[in-house]
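Laboratory data are not the source of any read-out in this text; all were calculated from the coordinates shown. Small disclaimer: the values here were computed from a predicted structure and weren't measured.
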Ligand SMILES: [Zn+2]
């Protein structure tokens, strides 16, 4: 499977990307009312208000939970959608605490998410992101027939379990450069509670520095 880590370093363009994780455990927390939602609607509203193009990587389970949201995001020309596996397990043996997809199941897992997206999104988006950014040669080999291209974590945005917007803003603004792909999260809830509050300052500062914000497709095309 091909993989891209960043765009051209000689053009002042940056791609903001947002992953929508949903694991079996997160779904339980939703079902038991411990979390109200794993859709950070305030974040999408900010992106729309500031007209920020973005690439969103959705897990299959998230699309099952939020099919109408997925259709709505797919229909918005600001956004392009990619996949983030079915249920956010790891594609290497030790990927944080994400668990592991057995090698024999890797291709079916990724195809399951792509099939779900194809039912909800008429665009032929083929970007994919590994949970936790974990992959190795075996995973790339197994997933070669899937037809997706992996998008790496050039600048991790540090919004997971953040305690305030400040460290997110600092992490992004001090690490981006021309061609960067920034990884933030769309699921909000208890897992990424401050992404929406961090985004206005990030966007304003990057634009003041002369960067154009683009989708991954725009970043990778000349
Ligand atoms: Zn993720």
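Quick look at the values:
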| quantity | calculated |
| --- | --- |
| Globularity index of segment 127-222, i.e. its alpha-carbon radius of gyration over 2.2 N^0.38 Å | 1.19 |
| Segment 50-87 versus segment 168-222: alpha-carbon centroid distance in Å | 17 Å |
| Per-q log10 I(q)/I(0), segment 3-220, q = 0.11 Å⁻¹ (Debye; single scatterer per alpha-carbon; no solvent) | -0.48 |
